[in-house]
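In what follows, a structure is listed as structure tokens, so that the remarks can point back to it.
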Amino acid sequence: AASPALSASGALPAQYTCEGKDSWPPLQWGGTPEGSEELVLFAMSSRPVEGKLFFNWALAGIDPGLTEIEEGRLPQGTVSGRNGFGRLGYSICPAEGEAETFIFALFALPERLQPARGFDPKQLRLEVLEVSGNVGLLAASYAR
């Protein structure tokens, strides 16, 4: 996985955080395994909150024929889960004065899981890990 929006050092520009538009950056990938039925994307903080993964974005139902997600535009047929802030969709907003690394993890699934809109990303991640070991990773850092 890659993003043309990240700097060479992997820094995430402010426009993709709560200090800007708080919209996801463009993401690109390749090498989706044949026979994949669905792609699932999680954006997570590398720093646990109260000992648990913190999800900044969870998106399911991505067509396995796609090789990118455009900035701020959801592909047709996708389903958004709740993020760690309790809202649907994307949000990266580290605490004031903090630097954080975020991991974008794109999983290729051999079957469709069909979660409902507003799904719990923690639960879906467990289901995804049971059926898929095919994952692409991208790390991005941001400091407020």
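The values are calculated or read from the model by the stated rules, or taken from the named source; none is laboratory data. For clarity, every value in this text was computed on a predicted model and none was experimentally measured. Cβ sites come from the backbone with ideal geometry, for glycine too, and all protein chains shown count toward neighbours. These accessible areas exclude ligands, DNA and RNA; they are computed on the full protein's heavy atoms, side chains included. Shrake-Rupley method; radii C 1.70, N 1.55, O 1.52, S 1.80 Å.
In table form, for the structure just shown:
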quantity: Gained length - Ala2 relative to Lys122, 0.36 nm times residue gap less alpha-carbon distance; calculated: 40.8 nm
quantity: Stretchable slack from Glu71 to Val135, in nm (0.36 nm times residue separation minus alpha-carbon distance); calculated: 20.9 nm
quantity: ³J(HN,Hα) computed for each position of segment 89-99 - Karplus, 6.51 cos²θ - 1.76 cosθ + 1.60, integer Hz, glycine/proline x; calculated: x, 9, 6, 10, 8, x, 4, 3, x, 9, 10
quantity: Extension gain, Lys52 back to Arg144 (0.36 nm per residue minus Cα-Cα distance, nm); calculated: 30.9 nm
quantity: In Å², nearest 10: area of Arg125 left accessible to a 1.4 Å probe; calculated: 70
quantity: Label point distance in nm, Phe85-Glu37, each placed 7 Å from Cα along Cα→Cβ; calculated: 3.4
quantity: Table column - 3J(HN,Hα) (Hz), segment 117-125, Karplus curve with 6.51, -1.76, 1.60, x for Gly and Pro; calculated: 3, x, 4, 7, x, 5, 5, 5, 4
